[in-house]
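The next block holds one structure in the form of structure tokens; read it before the comments.
The values are calculated or read from the model by the stated rules, or taken from the named source; none is laboratory data. Every value quoted in this text rests on a predicted model; they were computed, and no experiment measured them. Here Cβ is always computed from backbone atoms with ideal geometry, including for glycine, and neighbour counts include all displayed protein chains.
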Amino acid sequence: MNTPFVSIIIPCRNEENYIARCLDSVLSQDYPGDKLEILLADGMSTDGTPQIILDYEKKHPSIRYFQNPKKIVTMGLNILIKQAKGELIARMDAHTEFPKDYISKCVKYIQEHNVDNVGGIILTLPGNNTLRAKAIALAMSSPFGVGNSYFRTGVKEPRLVDTVPFGCFRREVFDRIGLFDEDMVRSQDAEFNLRLIKNGGKILLVPEIVSRYYARDSFIKMITMYAQYGYFKSLSAAKLGKIMGIRQMIPALFVASLMVLFLGSLFVKPLIWLFLFELSLYLTANIFFSIKISSKNSLLLTPILAWSFALIHFTFGFNYLRGIIDFWIFKKHLKHQIADLPLTR
């Protein structure tokens, strides 16, 4: 295997509880140290994140710290890509820990399979030890919760996919199709990867490349995240003229059908029975999967897990519909009316 120079880029904001663990895992990589640089862009954190990074920078010459005045992760990524020297650019996340062979395996597979982007699966861990945090982590890694999102639910062998988290890209990709779209406050990775595929690129998901991701530890944080995911997934579809996958549409279609049936029942009374029937089917499936998953962990998780599933589905679905109205109908993104949303945890 050749040993190309690799630039690791990490955007972050208010990550004082996680950034040290992330940096320790990155610094422990078994890839040659003289072939690595670690670039961080801090989105004007209001906690101790900048000082922690600066302390690491003093001890490790491979680390370089930059400020991201606009606070948004997309801007941070683009700042770092412009500063990166590597032939390969590995996008990492401050909320995540990486095994020591993460970079070496990414390099191995991107060379052997001649692809443009390589990534692995995520082991979703609870943000803390509460039942709520455990339920959120389980919901975010369950097929019932997130559909066929292979990097969350797992695969048995390497396969081409539509997106991966924390991808390792060939530098030439950014020269060919441009940087991350700065309108994409959320879902910027998915939009970029879809744009890459539309331009003939290939993305490889490798099950033996694994990262440990800490999920949100409260329902408010989870709702905020999935509201932004749903909203900006519809923006990506509007920009590229293509829906990223049927799994993106299912929550939106479900929420839309419930809204239509309920509102229709105000004028056509029998429609209320269709509304109740559809809702009861969903609740039955939700409870079934909640019990099935909880039985492998703790049955005390069942009601919290059921609530987590419902929050994910309804929040994502409703905000995808909101995005369709804003971006498909009113073309809000063409009028430069997208509000800046700082990276949130």
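Yes/no per residue for (1) of a type in the set (Val, Ile, Thr); (2) in contact with a Gly (Cβ under 9 Å, 6 or more places away or on another chain):
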{"site": "Leu23", "(1), (2)": "no, no"}
{"site": "Ile38", "(1), (2)": "yes, no"}
{"site": "Asp42", "(1), (2)": "no, yes"}
{"site": "Ser45", "(1), (2)": "no, no"}
{"site": "Leu54", "(1), (2)": "no, no"}
{"site": "Arg64", "(1), (2)": "no, no"}
{"site": "Gln67", "(1), (2)": "no, yes"}
{"site": "Tyr102", "(1), (2)": "no, yes"}
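Looking at Ala310, Ala285, Ala256, Ala306, just one residue is exposed (fewer than 13 other Cβ atoms within 10 Å of the Cβ), in a helix (DSSP H, G or I) and at pLDDT 95 or above, and that residue is Ala285. Here the condition is being surrounded by fewer than 18 Cβ atoms within 10 Å (Cβ to Cβ) and at pLDDT 90 or above; of Arg132, Arg176, it holds for Arg176 alone.
Quick one: count up the residues across segment 47-81 that are closer than 17 Å to His95 by Cβ and polar (S, T, N, Q).
As a first pass, look at segment 47-81 and keep what is closer than 17 Å to His95 by Cβ: 47-50, 52-53, 56, 68, 71-74, 76-77, 80.
Now restrict to residues that are polar (S, T, N, Q): 49, 68, 74.
Total satisfying the criteria: 3.
Matching residues to (1) touching a strand residue (DSSP E or B) at 6+ places or on another chain (Cβ under 9 Å); (2) crowded, with 23+ Cβ neighbours inside 10 Å:
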site: Thr3; (1), (2): no, no
site: Glu15; (1), (2): yes, yes
site: Lys35; (1), (2): yes, no
site: Met44; (1), (2): yes, no
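In this structure, is Asn193 in the same structural domain as Gly120 (by TED's automatic domain parsing), at pLDDT below 95 and surrounded by 18 or more Cβ atoms within 10 Å (Cβ to Cβ)? Considered against the rule, which asks whether it is in the same structural domain as Gly120 (by TED's automatic domain parsing), at pLDDT below 95 and surrounded by 18 or more Cβ atoms within 10 Å (Cβ to Cβ), Asn193 comes out as yes.
Among the residues of segment 151-200, those identified as among the aromatic types (Phe, Trp, Tyr) and in contact with a Gly (Cβ under 7 Å, 6 or more places away or on another chain) are Phe151, Phe166.
When segment 55-76 is filtered for residues that are over 20 Å from Asp181 (Cα atoms), of a type in the set (Lys, Arg) and buried (at least 17 other Cβ atoms within 10 Å of the Cβ), only Arg64 remains. Which residues, counting only those in segment 197-234, are surrounded by fewer than 22 Cβ atoms within 10 Å (Cβ to Cβ), more than 27 Å from Lys100 (Cα to Cα) and touching a residue at least 60 places away in the same chain (Cβ under 8 Å)? Gly201, Ser218, Phe219, Lys221, Ile223, Thr224, Met225, Ala227, Gln228, Tyr229 - these are the residues of segment 197-234 that are surrounded by fewer than 22 Cβ atoms within 10 Å (Cβ to Cβ), more than 27 Å from Lys100 (Cα to Cα) and touching a residue at least 60 places away in the same chain (Cβ under 8 Å). What do you reckon, is Leu40 in contact with a Lys or Arg (Cβ under 9 Å, 6 or more places away or on another chain), surrounded by 15 or more Cβ atoms within 10 Å (Cβ to Cβ), assigned by TED's automatic domain parsing to the domain that holds Cys168 and at pLDDT 95 or above? Against the criterion (in contact with a Lys or Arg (Cβ under 9 Å, 6 or more places away or on another chain), surrounded by 15 or more Cβ atoms within 10 Å (Cβ to Cβ), assigned by TED's automatic domain parsing to the domain that holds Cys168 and at pLDDT 95 or above), Leu40 qualifies.
Do the conditions hold for Glu87, that is, is it among the acidic types (Asp, Glu) and at pLDDT 95 or above? Walk me through how you get there before you give the answer.
Numbers: among the acidic types (Asp, Glu): yes; at pLDDT 95 or above: yes.
Here the answer is yes, as Glu87 does meet what is asked.
If you go through segment 205-240 and pick out every residue that is more than 27 Å from Phe254 (Cβ to Cβ) and in contact with a helix residue (DSSP H, G or I) (Cβ under 6 Å, 6 or more places away or on another chain), you end up with 2.
Here is the figure for segment 147-173: residues that are surrounded by fewer than 19 Cβ atoms within 10 Å (Cβ to Cβ) and of a type in the set (A, V, I, L, M) total 2.
Does Arg247 meet the test of being surrounded by fewer than 22 Cβ atoms within 10 Å (Cβ to Cβ), assigned to a helix (DSSP H, G or I) and at pLDDT below 90? Spelling it out, Arg247 is indeed surrounded by fewer than 22 Cβ atoms within 10 Å (Cβ to Cβ), assigned to a helix (DSSP H, G or I) and at pLDDT below 90. Of the conditions (1) at pLDDT 95 or above; (2) under 12 Å from Ile8 (Cα atoms); (3) out of contact with any Ser or Thr (no Cβ under 6 Å at 6 or more places or on another chain), Ala94 satisfies every one except a single condition; which number is it? All conditions are met except number (1).
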